[in-house]
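*Asks:* Sharing a structure with you now.
The values are calculated or read from the model by the stated rules, or taken from the named source; none is laboratory data. Keep in mind that this is a model prediction, so the values were computed, not measured. Glycine gets a Cβ as well: all are built from the backbone with ideal geometry, and neighbour counts include every protein chain shown. Areas reflect the complete protein model, heavy atoms only, side chains present, ligands, DNA and RNA absent. Shrake-Rupley method; radii C 1.70, N 1.55, O 1.52, S 1.80 Å.
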Amino acid sequence: MSVKSPKIQRRPISGVFLLNKPLGISSNAALQRVRWLFRAEKGGHTGALDPLASGLLPICLGEATKFSHFLLDSTKRYQTTIHLGHSTTTGDVEGEVLLEQAVPELTQAQIQKVLTQFTGDLLQVPPMYSALKKEGRPLYELARKGIEIEREARPIVIENIQLLSFTADSITLDVTCSKGTYIRVLGEDIAQALGTYGHLTYLHRIQTGQFELNAEWTIEYLESLTEQEREALLLPVYAPIDHFPKVQVPEGRAEYFCRGMESNIDHVAAAHAVVFDGEKCLGLAEITEKKRLVPKRVLNL
């Protein structure tokens, strides 16, 4: 007769952990592992990485989830390797070989010239192997059944592409891009512009918004720490909105702010601000043209 493990006692802990997600597990599986280690009642990640991708996956715990969309919408930076010569059904090494074509002899100058075509404002057609939905069904479910449907191209921004290295049949890039960019599709498109086919063999996220990867902050590292040591690694609950100006709530108005009520505020030339009562963060507010402090996300701490 098997003995069940004791049920973990969850707690209302809040903050942000910058996880270095490993290869081979989904973003949700990584999230649940981090939640378990922190014994957090609530948690969410801020932009999924495929199981075959690794790197920075900010995890918002507790009240920090109220600000997670600011990281979902933020600029991302990746390092990726495109293997040239054939494409796959998924655009990466997980898929089956689809098309093959010889790789022309490439020079650094030729590659750099092609990369300039893929910077700035672009339109990108999402891949069939994606979590986008058609009539409530993820596209990858249709793709696995051999069904392909027309997808509308969506606007993306490639802020920068840097060539890190190349071989006779591969190129490695550093890419800074907007949310919604599929690096797999970008890799295929670059390969096609080089006169061949291609698919990703490596994808590693090194930056999300203002946060950069700390390679040491893995699940295994968290497991090696005491609970107190883990908590010391958490960024403040307001970390996803730390780039906004910070203001003190008008004297005597903290309770009203927490109830969602507006207040007058002077000398703040900003559209949004992180609101504090002393050292305590109360939440995020909009500041109107009439100098009204309007609560938008109120923390329950």
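*Asks:* Which FRET efficiency, nearest 0.05, do L163 and T75 yield, Cβ-Cβ r, R0 25 Å?
*Replies:* Once the sixth-power term is evaluated, E becomes 0.80.
*Asks:* Mind putting a number on the dipole of the stretch 177-272 about its Cα centre? Charges go on the C-beta only, +1 for Lys and Arg and -1 for Asp and Glu, and I need it in Debye to the nearest 20.
*Replies:* Rounded to the nearest 20 debye, it is 400 debye.
*Asks:* Which whole-number percent is the relative contact order of the chain (Cα, under 8 Å, 6+ apart)? Walk me through the intermediate numbers first.
*Replies:* Numbers: 612 pairs, mean separation 64.2, N = 301.
The normalised contact order for the chain reaches 21 percent.
*Asks:* Apply 1/(1 + (r/R0)^6) to the Cβ-Cβ distance of Q248 and E41, taking R0 = 25 Å, and write down the FRET efficiency to the nearest 0.05.
*Replies:* 0.30
*Asks:* In nm, to one decimal, how far is the modelled label at S170 from the one at A269, with both set 7 Å along Cα→Cβ?
*Replies:* Taking the simple label geometry, S170 and A269 are separated by 5.1 nm.
*Asks:* Collect residues whose amide H, placed 1.01 Å from N in the peptide plane, falls under 5 Å from the amide H of L98; neighbours closer than 5 in sequence don't count.
*Replies:* Sorted by chain and number, the residues that satisfy this are S87, T88, T89.
*Asks:* Amide H of V125: which non-local residues (sequence gap of 5 or more, or other chain) have their own amide H closer than 5 Å, using H built in the peptide plane?
*Replies:* R154
*Asks:* To check you understand DSSP bridge types, tell me what percent of the beta bridges within the chain (both residues inside) are antiparallel, rounded to 5.
*Replies:* The antiparallel fraction comes to roughly 90 percent.
*Asks:* Enter the accessible area of S178 (Å², nearest 10), with the probe set to 1.4 Å and all protein chains included.
*Replies:* Answer for S178: close to 30 Å² accessible.
*Asks:* Now, a different point. Using every Cα-Cα pair within the chain, state what percent have a distance larger than 29 Å.
*Replies:* The calculated P(r) of the chain puts 48 percent of pairs beyond 29 Å.
*Asks:* Which trypsin sites (Lys or Arg not before Pro) in the stretch 69-120 sit in a loop by DSSP (not H, G, I, E or B) and have at most 16 other Cβ atoms within 10 Å of their own Cβ?
*Replies:* Within the stretch 69-120, no trypsin sites (Lys or Arg not before Pro) qualify (loop, at most 16 other Cβ atoms within 10 Å).
*Asks:* Scan around D92 for amide H atoms under 5 Å from its own, H built in the peptide plane at 1.01 Å from N, and keep only partners 5 or more places away or cross-chain.
*Replies:* Amide H neighbours of D92: L200.
*Asks:* Of the cross-linked pairs K179/K290; K179/K246; K66/K246; K42/K296; K21/K296, which ones have a Cα-Cα span greater than 22 Å in the structure shown?
*Replies:* Pairs exceeding 22 Å: K179/K290; K179/K246; K21/K296.
*Asks:* In nm, to one decimal, how far is the modelled label at K291 from the one at A102, with both set 7 Å along Cα→Cβ?
*Replies:* Roughly 7.4 nm, to one decimal.
*Asks:* Starting at the first residue of the stretch 170-176, write each ³J(HN,Hα) from the Karplus equation 6.51 cos²θ - 1.76 cosθ + 1.60 with θ = phi - 60°, in whole Hz, x for Gly and Pro.
*Replies:* 7, 9, 10, 10, 10, 10, 10
*Asks:* On to the next question. Restricting to Cα pairs below 8 Å that are 6+ residues apart, what does the relative contact order work out to for the stretch 244-298? Please round to a whole percent.
*Replies:* Dividing the mean separation by the residue count of the stretch 244-298 yields 36 percent.
*Asks:* Given the -39500 (n - 2.57) contribution per DSSP H run of 4+ residues, what per-residue ellipticity at 222 nm results for the chain, rounded to the nearest 500 deg cm²/dmol? Could you put the intermediate results ahead of the total?
*Replies:* Numbers: 8 runs with 59 residues, N = 301.
Calculated at 222 nm, the ellipticity per residue is -5000 deg cm²/dmol.
*Asks:* Let me ask another. What does the charge add up to near A273, with Lys and Arg as +1, Asp and Glu as -1, over the other residues with Cβ less than 11 Å from its Cβ?
*Replies:* On the way: positive: K246, K296; negative: E286.
Net of charged neighbours comes to +1.
*Asks:* While we're here: Using 7 Å Cα-to-Cβ label points, what is the R259/E216 separation (nm, one decimal)?
*Replies:* 4.7
*Asks:* Post the alpha-carbon centroid distance, the stretch 228-275 to the stretch 167-227, in whole angstrom.
*Replies:* 33
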